[in-house]
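Asks: One structure, as structure tokens, below. Some questions next.
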Amino acid sequence: MEKILVSQCLLGLPVRYDGGTHGPFDLLRQWQSEGRVVSVCPEVAGGLPTPRAPAEIPTGQGSDVLAGQIRVLTIDGSDVTPAFVAGAEQALRLVREYDIHYAVLKARSPSCGNNETYDGTFSGLRVAGEGVTAAALRQAGVRVFNENELADLAKLLTE
Ligand code: SF4
């Protein structure tokens, strides 16, 4: 049975930067009960505490971070790039360990966002882009969905 890598904050775990969480999501619960779910919070896995200062990617592009071209900064200006990259590496390790081809990651996160992020100005402006972990997974061949695309993944799993 296909395993799915899932952001821990989508599973009700209070790992968001502000100590919050998301959900519940019926399909994620179903996949958990089927034993498909492998969960990760890349920012916590990378060594950051909860709660933590919000962070954004100045270009909105996780691939720029992975290429060493841009740093991930908190709202206070602290450089949290090493933790974000370490978290992406942890997610990649899980993908390899469990032979995972699909992920459901939280939309718009600087780690997990799969098609949009915030633009680095901490003003709520969104740009087309990916978080650091989402970019790393895509580059490794994993198809990344967000919590608004669960039905699309469910359809794929039944094909
Ligand atoms: Fe952790 Fe990703 Fe959720 Fe942020 S969006 S709390 S990094 S799992």
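Asks: Taking the stated definitions as given, is residue 144 β-branched (Val, Ile, Thr) and away from the ligand (no atom under 14 Å from the Cβ)?
Replies: no
Asks: Just wondering, is there one or more residues in the range 11-20 that are closer than 30 Å to residue 158 by Cα, touching a helix residue (DSSP H, G or I) at 6+ places or on another chain (Cβ under 8 Å), assigned to a loop (DSSP other than H, G, I, E, B) and within 12 Å of the ligand (Cβ to nearest atom)?
Replies: No: the range 11-20 contains no residue that is closer than 30 Å to residue 158 by Cα, touching a helix residue (DSSP H, G or I) at 6+ places or on another chain (Cβ under 8 Å), assigned to a loop (DSSP other than H, G, I, E, B) and within 12 Å of the ligand (Cβ to nearest atom).
Asks: Check the range 43-53 and report whether any residue there is assigned to a loop (DSSP other than H, G, I, E, B), of a type in the set (Val, Ile, Thr) and surrounded by 20 or more Cβ atoms within 10 Å (Cβ to Cβ).
Replies: No.
Asks: Name the pairs: first residue in the range 19-44 and closer than 12 Å to residue 109 by Cβ, second residue part of a loop (DSSP other than H, G, I, E, B) and of a type in the set (A, V, I, L, M), Cβ to Cβ under 8 Å, at least 6 apart or on different chains?
Replies: Filtered contacts from the range 19-44: 41/13; 41/15; 43/15.
Asks: Of all residues in the range 21-62, which are in contact with a strand residue (DSSP E or B) (Cβ under 8 Å, 6 or more places away or on another chain), among the small types (Gly, Ala, Ser) and within 10 Å of the ligand (Cβ to nearest atom)?
Replies: Those that are in contact with a strand residue (DSSP E or B) (Cβ under 8 Å, 6 or more places away or on another chain), among the small types (Gly, Ala, Ser) and within 10 Å of the ligand (Cβ to nearest atom): 39, 55.
Asks: Exactly one condition in (1) over 20 Å from residue 32 (Cβ atoms); (2) of a type in the set (Phe, Trp, Tyr); (3) under 15 Å from the mean Cα position of the chain (by Cα) is not met by residue 102; state its number.
Replies: All conditions are met except number (1).
Only the coordinates and a few stated rules stand behind these numbers; no lab work does. Since the model is a prediction, treat every value here as computed from it, not as a measurement. Reconstructed Cβ throughout: ideal geometry from the backbone, glycine too, with neighbour counts over all protein chains shown.
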